[in-house]
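Down below is the structure, laid out as structure tokens.
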Amino acid sequence: MSPGPTTPEARPTTPEARPTTPEAMFRVTGFEHAGPDARITMRTGDWLLDDAGVPCSGALGVFLDDAVGHQVFTTRPDDAHASVTSELSIDVALPPPWTGPELVAQGWTTSSTGRGAFTQCRVTDSDGAIVAVVSNWGRFVALPPGVPVWSPDPSTPEPDPALRVSQLLGSRPERTADGAVLRLTGGPELANPMGIVHGGIVACASERTAAATLDDPATWWAASIRVHYLRPTPLSPEVELTASVVHRGRTVTVVRVVGGPLGGRPCTDATITFRTRD
Ligand SMILES: CC(C)(COP(=O)(O)OP(=O)(O)OC[C@H]1O[C@@H](n2cnc3c(N)ncnc32)[C@H](O)[C@@H]1OP(=O)(O)O)[C@@H](O)C(=O)NCCC(=O)NCCSC(=O)Cc1ccccc1
């Protein structure tokens, strides 16, 4: 069945009407490095909420991709190189909601080669409870001409704090006979500095698309999100994410989400595992 276009939202802008960034949308700040270790924070707020007002694991995508991705970036061989996420594994240890006002990711480099690094981080909430454990196979790539070396900009203005995940992504998934589909119309707010869709945005959109296949979403939470980034996801034409249910159990549901440009080759292949909230 071919779905119609998903419901578009107004594109998030900042109070100054400047385009925002994935980091500003999801309140990811405080990039700190001390030797081989990293510390990054995400404030909690409405940007963690789904349309029903329930916090969702996908909203952690940008934060967690940055936490492990920035760790790879800092080990790049020189300023002529950047890094990309090749495979991201997010294990969410604690069902949401998580205690705010902030979540803290502490990361490290587990191993590195000339091609990239395997990095990991552990995320805690403001009670000190472990929220997630994350791994990343990151790869060095030549920095495209004209792209400056990435430096997180804490001065980027943030959009309206009342905006929830689907409003920040700019669209909602639709359930289909086979699963669910989400179409990202793709603006600069979804991109990383290299102009491709941010890996954390793909992780978030994949989890949101997978959740749309659930019969009673409020009774489930995404306990793991694993994304293979097969090739860069371009911002245009629109990006289509298609979810299909691999297994629908009583307490565990596994959903596969494949993403890429509409009508084009797949760029990402994600597996999301939902568990019941009991
Ligand atoms: C490089 C590798 C990871 C591994 O590749 P392998 O499998 O060994 O390589 P293979 O040569 O077989 O090529 C396979 C396909 O890949 C394409 N391609 C390869 N190299 C390049 C290149 N340099 N540039 C452009 N395309 C390249 C290549 O043309 C081919 O596609 P085709 O068949 O022609 O259509 C690749 O899978 C890839 O780019 N994945 C996507 C990663 C991604 O988008 N991650 C998420 C965003 S990261 C993020 O947001 C984090 C962040 C946050 C904030 C700030 C900064 C960062």
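What follows is calculated from the coordinates using simple rules that are stated; it is not laboratory data. Remember, predicted model here, so these are calculated numbers, not experimental data. Reconstructed Cβ throughout: ideal geometry from the backbone, glycine too, with neighbour counts over all protein chains shown.
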Measuring from label point to label point, each 7 Å out along Cα→Cβ, what is the ARG277 to SER126 span in nm? 2.0 nm
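Only helical DSSP H runs with n ≥ 4 go in: add -39500 (n - 2.57) per run for the chain, normalise by residue count and round the 222 nm mean residue ellipticity to 500 deg cm²/dmol. Spell out each step's value before the answer.
Numbers: 4 runs with 35 residues, N = 278.
Value at 222 nm, helices only, nearest 500: -3500 deg cm²/dmol.
What is the local net charge at ASP51, summed over the other residues whose Cβ is closer than 10 Å to its Cβ (Lys, Arg +1; Asp, Glu -1)?
On the way: positive: ARG164, ARG172, ARG208; negative: ASP50.
With Lys, Arg at +1 and Asp, Glu at -1, the net is +2.
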Computed D for the range 8-276, Stokes-Einstein, Kirkwood radius over alpha-carbon pairs, 25 °C, 0.890 mPa s, to the nearest µm² per second, is 134 µm²/s
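Over the range 8-276, calculate the relative contact order: mean separation of alpha carbon pairs under 8 Å at least 6 apart, over the residue count, as a percent. Working shown, then result.
Values: 697 pairs, mean separation 57.0, N = 269.
Here the relative contact order equals 21 percent.
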What whole number of Å gives the distance from the Cα centroid of the range 79-125 to the Cα centroid of the range 35-58? 13 Å
Give me the number: length gained by fully extending SER244 to THR75, i.e. 0.36 nm times residue separation minus the C-alpha to C-alpha distance, one decimal in nm. 57.2 nm
Nearest-0.05 FRET efficiency for ASP91 and ALA142, computed from C-beta distance (R0 30 Å): 0.40
What distance in nm separates the two pseudo spin-label positions at VAL149 and ARG231, each 7 Å out from Cα along the beta-carbon direction? 3.1 nm
May I have the extent of the alpha carbons of the range 97-159 along their three principal axes, as whole Å values ordered from largest to smallest? 43, 34, 14
